[in-house]
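This report refers to the structure that appears directly beneath it.
Bear in mind that the values in this text are calculations on the coordinates, not laboratory data. As the structure is a computational prediction, the values presented were derived from the model and not from experiment. Cβ sites come from the backbone with ideal geometry, for glycine too, and all protein chains shown count toward neighbours.
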Amino acid sequence: MLENTYERRRQLESLDSNELTRLQLEKLNALLAAILPHNAFYTSKLSGVGLPLRSLADLDRLPFTFKDELIHTGSDGDFAQNLTFPVEQYSRFHRTSGTRGHALVVLDTDQDWRWWVDTWQFVLDAAELTPRDRIFMAFSFGPFIGFWSAFDAAVARGCLVIPGGGLSTLARLDTIRNNAVTAICCTPTYALHMVEVAAENDIKLASFDVQRIIVAGEPGGSLPAIRERIESAWNAKVIDHGGASEVGPWGYADQQQRGLHIVESEFIAEFLSVESGSPAGEGELAELVLTTLGRTGCPVIRYRTGDLVRPSWNATTSN
């Protein structure tokens with residue numbers, strides 16, 4: 001059962017700035033009340049900070065969180081430092097790839113996973129998926145969070161979801177073709193790899209039923225040259241998605257490809273100028289900083305993602 005209906009998600013996306021600020025402040029204070037003092041990491045980190053916050057203008061009173069702070073190794077398991085509850089209360093285990101250093105292991109409770117699934121609905125809305133769609137998950141079901149949450153989100157939406165783990169690329173292409181798949185979830189690189197394998201085997205991807213390809217894990221979906229190569233070969237629309245294991249599914253691109261929209265009902269976004277470290281202006285190169293509002297068991301507050309973006313406050317969603 002999904003928390004929010006399609007209509008409610010559209011209402012959340014259409015909130016004016018004052019309504020959105022009130023909602024974010026309410027949810028942030030509720031999160032802080034829920035995790036303190038149970039969450040030892042943030043109890044220590046936020047000691048001395050007067051709570052509840054009176055406005056989002058007080059957000060800068062809270063210290064930043066960095067990935068290196070969250071990484072933990074120990075005899076009890078390599079679980080992230082920012083867990084709120086005893087390990088026995090968690091049901092989902094995922095880990096990052098460790099490409100920027102030691103891998104980070106994140107855990108989610110059943111409630112937190114429902115939040116993941118519910119937040120993913122914004123991405124599926126952007127892709128205009130309905131229960132009539134057949135979605136192929138072109139990834140291996142390993143410990144990386146990948147499209148695990150997308151899989152469960154699509155199931156909750158009522159779609160027919162087809163796993164592709166353990167199959168060769170050619171076998172995946174056969175499955176996509178033979179089962180009238182209408183949407184694919186994969187990385188941009190893998191979408192292009194399937195194009196190459198199809199060409200080597202004289203398979204015409206443009207004749208498939210695929211209409212949308214949701215990509216994540218790499219920046220290619222937001223790079224026009226790569227996106228256009230994928231769309232041209234598959235004769236399908238590419239929908240980019242932004243997310244991270246330690247944060248959640250924070251953003252999506254609409255079908256006009258104007259950039260990634262942040263799911264602001266579930267995340268507070270800040271943009272730090274790369275040049276000055278101060279709040280960035282319109283179009284200025286900035287680091288994305290995110291605060292989760294619904295992931296009680298493994299929250300991040302003012303998390304420095306390391307992702308570089310150019311913020312715009314003038315874009316609107318198309319759904």
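The table that follows gives values for the structure above.
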| quantity | calculated |
| --- | --- |
| Average projection area in nm² (convex hull over Cα atoms of the range 166-319, one quarter of hull surface) | 10.7 |
| P(r) tail fraction, the range 33-156 - alpha-carbon pairs more than 21 Å apart, % | 54 |
| Degrees between helix 224-234 axis and first principal axis of the chain (Cα, 0 to 90, nearest 10) | 40 |
| Spin-label model distance (nm) - Asp68 vs Leu15, 7 Å beyond Cα toward Cβ | 3.5 |
| Within the range 110-215, trypsin sites (Lys or Arg not before Pro) in DSSP loop having at most 12 other beta-carbon neighbours inside 10 Å | Arg132, Lys204 |
| Principal semi-axes in Å for the chain [√(5λ), Cα gyration tensor, largest first] | 34, 22, 19 |
| Nearest-0.05 FRET efficiency for Asn201 and Ser278, computed from C-beta distance (R0 41 Å) | 0.15 |
| Approximate spin-label separation Ser168-Glu88, in nm, with each point projected 7 Å along Cα-to-Cβ | 4.8 |
| Loop sites in the range 238-319: GluC sites (Glu not before Pro), DSSP, at most 10 other Cβ within 10 Å | Glu275, Glu282 |
| Top of Cys185, Cys159, Cys298 by mean-square fluctuation, Gaussian network on the chain, Cα under 10 Å | Cys159 |
| Most mobile of Val274, Val289, Val215 in a GNM of the chain (Cα contacts under 10 Å) | Val274 |
| C-alpha long axis of helix 188-200 to longest principal axis of the chain, angle in ° | 10 |
| Stretch gain in nm, segment Ser44-Arg132, where the contour uses 0.36 nm per residue and the Cα spacing is subtracted | 26.8 nm |
| Unit charges on C-beta of K, R, D, E only; dipole of the chain, Debye | 280 |
| Amide hydrogen neighbours beyond the local backbone of Lys237, cut-off 5 Å, H modeled | Arg212, Ile213 |
| Nearest 10 degrees, 0 to 90: helix 17-35 Cα axis against the chain principal axis | 70 |
| The range 235-319: trypsin sites (Lys or Arg not before Pro) in DSSP loop, at most 15 other beta carbons within 10 Å | Arg258 |
| Cβ-based net charge around Leu107, under 15 Å, with every Lys or Arg adding one and every Asp or Glu removing one | -3 |
| Only Lys, Arg (+1) and Asp, Glu (-1) charged, at Cβ; the range 171-307 dipole about Cα centre in debye | 380 |
| Net length gained if the chain between Arg22 and His102 were fully extended (0.36 nm per residue, minus Cα distance) | 25.0 nm |
| Normalised contact order of the chain, rounded percent, pairs of Cα under 8 Å and 6 or more residues apart | 17 |
| Using a Förster distance of 35 Å, the FRET efficiency for Thr5-Glu228 (Cβ separation, nearest 0.05) | 0.55 |
| Computed [θ] at 222 nm, deg cm²/dmol, the chain (DSSP H ≥ 4; -39,500 (n - 2.57); rounded to nearest 500) | -9500 deg cm²/dmol |
